[in-house]
Amino acid sequence: MLKSQEMRDIAVEMDALKLGMGWGKNDLDKPQIMLQTSKGDSHPGSIHLGRLAKKAKKGVEKKGGKAAQYTVTDICDGIAQGHDGMNYSLLSREIMAAMIEAQFRSTPFDGALFAASCDKAVPAHLISMARLGAPSIFIPGGSMTTGPNGLTLEQVATYHSKYKRGEISREQFLEFQDTACPGCGACQFMGTASTMQCMAEALGLALPSSAMSPASGKHLKKIAEKSGKALMKLVESSITPKDILNEKSFENAIIVHGAIGGSTNALLHIPAIAHQLGISITPEMFDKLQKSIPYLLNVRPGGFYSAEYFWHAGGVPAIMEEVKIHLHLDALTVTGLTVGDNLEKLRKNGFFEKGGAFLAKCGLKKDMIITPYDEPILKTAGIAYIKGNIAPQGAVVKPAATSMHVFTGRAVPFECEEDAYHAVLSGKIEPGDVIVVRNEGPRGSGMPELFYTTEALASDEALSKSVALITDGRFSGATRGPVVGHISPEAASSGPINLIEPNDLITIDIPKRKINITGIDGKAMSRAQINKALELRRSAFTPAKRAERTGILKVYTQLASSPMKGGYIE
């Protein structure tokens with residue numbers, strides 16, 4: 001017996017309450033489906049999800065189910081930028097997943113549909129799917145249309161830095177600002193929102209070809225309705241995310257992540273999803289698996305084109321086709337079929353040819369967006385996991401986002417991002433510097449993004465080719481340049497990043513996977529000399545005074561796990 005039906009004789013007020021909502025008597029006998037979205041007026045990635053929910057609900061009803069709509073609205077990282085709101089970004093993932101758990105557990109449901117577009121909502125939904133263990137399908141919210149002349153949202157921060165330096169006029173900046181977001185959907189680059197939509201499909205939790213579909217197009221609405229119908233099959237067969245998510249599916253996702261040059265934030269979200277099932281996904285796994293995966297996707301920030309073209313070039317299935325010799329083709333998905341079966345079905349249906357007409361109108365070809373396996377943008381990209389006396393537990397960097405793979409520079413430490421950002425804009429950072437920003441990890445400030453500082457660097461031609469940035473915080477998926485994040489242990493957990501002083505020499509060596517203090521006061525020294533100096537500093541170290549945390553931010557900074565584990569609440 002379905003759970004919803006079994007509980008009717010126990011929670012006897014339940015039928016009466018549902019009838020009070022306008023349900024018919026016959027609705028009570030149907031399989032009960034939670035339809036969870038992050039719908040809200042919070043940002044373009046959530047504003048349109050109500051339309052998808054209607055289509056998904058229609059699909060459920062056509063197959064004999066009854067869907068009940070629930071909403072836990074997400075916040076927007078773009079709107080949270082530049083102020084303390086960014087401190088709440090990562091923890092919002094935890095709160096969303098907790099609220100969804102409470103909603104689902106308090107009502108007997110037989111299955112669930114999830115719809116979201118953006119940075120924290122998508123991983124919160126995927127965490128919930130793994131945690132709840134009910135038949136479930138995720139519906140990606142799609143990608144936003146590109147702005148005029150190829151404008152994408154992340155460029156606004158670059159142009160703002162140029163405006164602040166007097167390189168463009170206020171009128172020019174306002175024109176970019178006014179036209180960067182033409183409509184709904186996830187931001188138009190391979191940032192965290194786009195990355196996690198792709199991860200949902202690569203994990204097997206979303207229907208094939210659903211990730212990154214144009215948010216304003218017809219296909220996404222069809223996917224929503226199709227997802228509703230497909231969920232009813234999962235309810236009938238009792239297939240749940242626990243049957244789909246295993247080492248094979250996570251490895252598939254990591255391989256796809258490498259090929260698309262996905263956001264470093266996936267190293268926070270993929271382990272957090274796996275954690276719900278007792279599966280350990282480590283940065284070493286990303287590094288090991290992605291060393292043999294070519295970088296194929298010519299989409300910003302690592303590439304040239306906007307994300308709008310990705311789906312028309314074949315999307316995640318086209319990436320899987322290119323790297324399928326590395327994939328577990330026998331991994332199960334929400335279609336009830338394997339990855340290999342899904343790809344074969346798409347080939348027979350002519351899916352891979354359908355986007356050609358759209359690309360041709362834009363003067364493009366598929367291989368300009370997704371390069372062939374044998375002709376990659378880079379032979380290896382993905383995420384590099386690096387360690388050293390600055391980061392004994394590790395740190396992460398995105399090789400595809402920079403040409404500075406080996407670099408030694410002078411340390412310029414800051415206790416918060418705001419000070420680093422103003423130092424860049426005011427000309428206090430010079431070529432050859434390594435900006436060090438600490439106290440921005442999960443237990444320090446909630447692990448905010450350092451997006452504005454990295455964009456300020458990227459917008460300055462001299463600094464973008466000669467300055468690195470390292471931090472125990474994290475970066476936007478739009479970030480470019482030689483930036484190292486997630487340094488662990490973080491400053492708030494007594495990590496060695498606390499001990500870096502001005503003019504220390506810091507060496508970043510991505511090919512050798514190392515990050516170390518290699519000199520004191522501008523002079524190179526032996527490892528023994530460095531270790532001795534660090535011990536003296538440690539004995540005299542006094543932690544910087546931090547602002548008092550209150551409310552949920554206080555709870556999160558007290559309970560958050562290491563970035564190397566996923567930054568989830570333990």
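The values are calculated or read from the model by the stated rules, or taken from the named source; none is laboratory data. A quick note: this is a predicted structure, and the numbers were derived from the prediction, not measured. So basically every Cβ, Gly included, is an ideal-geometry build from the backbone, and we count neighbours across all protein chains shown. To get the accessible areas, we keep the full protein, side chains included, count just its heavy atoms, and leave off ligands, DNA and RNA. Shrake-Rupley method; radii C 1.70, N 1.55, O 1.52, S 1.80 Å.
Considering the alpha-carbon set of the range 33-90 alone, what are its Rg and its Dmax in angstrom?
When restricted to the Cα atoms of the range 33-90, Rg and Dmax are 14.6, 48 Å.
Accessible area of the range 1-75 with a 1.4 Å probe: how many percent of it is carbon plus sulfur?
53
In the range 114-207, which GluC sites (Glu not before Pro) fall in coil by DSSP and have 14 or fewer other Cβ atoms within 10 Å?
Glu167
Could you calculate the contour length gain from Ala462 to Ala11, that is, 0.36 nm times the residue separation minus the distance between their Cα atoms, to one decimal place in nm?
Contour length minus the Cα-Cα distance gives 155.6 nm.
Taking amide H positions as placed 1.01 Å from N in the peptide plane, with prolines and chain starts having none, which residues 5 or more places from Gly481, or on another chain, fall under 5 Å of its amide H?
Thr402
Amide H neighbours of Leu378 under 5 Å, at least 5 residues apart or on other chains, H built in the peptide plane: list them.
Tyr295
Per residue and in cubic angstrom, what volume does the convex hull of the Cα atoms of the chain have?
So the per-residue hull volume is 148 Å³.
Taking amide H atoms as placed 1.01 Å from N in the peptide plane, list the residues 5 or more away in sequence, or in a different chain, whose amide H sits under 5 Å from that of Gln393.
HN-HN under 5 Å from Gln393: Ser488.
Determine which lysines satisfy two conditions relative to Lys164: a Cα distance under 26 Å, and not lying fewer than 8 residues away in the same chain.
Candidates past the 8-residue exclusion: Lys428, Lys465.
Based on the Cα gyration tensor of the range 1-157, what are the three equivalent ellipsoid semi-axes, each the root of five times an eigenvalue, rounded to whole Å and given largest first?
Semi-axes from the Cα gyration tensor: 34, 17, 12 Å.
Could you go through the range 334-343 in sequence order and give the Karplus-derived ³J(HN,Hα) for each residue, using 6.51 cos²θ - 1.76 cosθ + 1.60 with θ = phi - 60°, rounded to whole Hz, and x for Gly and Pro?
5, 6, x, 10, 8, 4, x, 4, 4, 5
Classify the range 193-297 as rounded, prolate or oblate from the Cα gyration tensor: take a ≥ b ≥ c as the square roots of its eigenvalues, call it rounded if a/c is under 1.5, otherwise prolate when a/b beats b/c and oblate if not.
oblate
In sequence order, what are the phi-derived ³J(HN,Hα) couplings for the range 241-247 according to the Karplus relation 6.51 cos²θ - 1.76 cosθ + 1.60 with θ = phi - 60°, rounded to whole Hz, with x for glycine and proline?
x, 5, 7, 9, 7, 8, 4
Show me the GluC sites (Glu not before Pro) within the range 471-559 that DSSP assigns to loop and that have at most 10 other Cβ atoms within 10 Å of their Cβ.
Passing both the DSSP loop test and the Cβ count: Glu548.
Return one whole number: the accessible area per residue of the chain in Å², for a 1.4 Å probe.
I get 39 Å² per residue for this part.
Which lysines, if any, have their Cα less than 26 Å from the Cα of Lys361, not counting same-chain residues under 8 positions apart?
Lys218, Lys221, Lys222, Lys348
So what are the ³J(HN,Hα) numbers for the range 412-426, from phi and the Karplus equation (6.51, -1.76, 1.60; θ = phi - 60°), rounded to whole Hz, Gly and Pro as x?
Here the 3J(HN,Hα) series is 10, x, 9, 8, 7, 5, 3, 5, 5, 4, 5, 5, 5, 5, 8 Hz.
What whole-number distance in Å separates the alpha-carbon centres of the range 317-337 and the range 15-86?
The distance from the Cα centre of the range 317-337 to that of the range 15-86 comes to 29 Å.
Let's see if you can work this out: charge +1 on each Lys and Arg Cβ, -1 on each Asp and Glu Cβ, no other charges. What is the dipole magnitude of the chain about its Cα centre, in debye to the nearest 20?
Here the size comes out at about 940 debye.
Let me check something: with ligands and nucleic acids excluded, how do His312, His257, His326, His422 order by accessible area (1.4 Å probe), largest to smallest?
Result, largest first: His422, His326, His312, His257.
Working out 0.36 nm times the residue gap between Glu101 and Ile325, then minus their Cα-Cα distance, what length gain in nm do you get to one decimal?
Fully extending the segment from Glu101 to Ile325 adds 76.9 nm.
With the cut-off at 1.5 for a/c, could you classify the range 50-119 from its C-alpha gyration tensor as rounded, prolate or oblate?
oblate
Report, in deg cm²/dmol and to the nearest 500, the calculated mean residue ellipticity at 222 nm for the chain, where each DSSP H run with n ≥ 4 adds -39500 (n - 2.57) and the sum is divided by the residue count.
One gets -11500 deg cm²/dmol as the mean residue ellipticity at 222 nm.
I'd like the accessible area for Lys514: 1.4 Å probe, protein heavy atoms, all chains in place, Å² to the nearest 10.
The accessible area comes out at roughly 100 Å².
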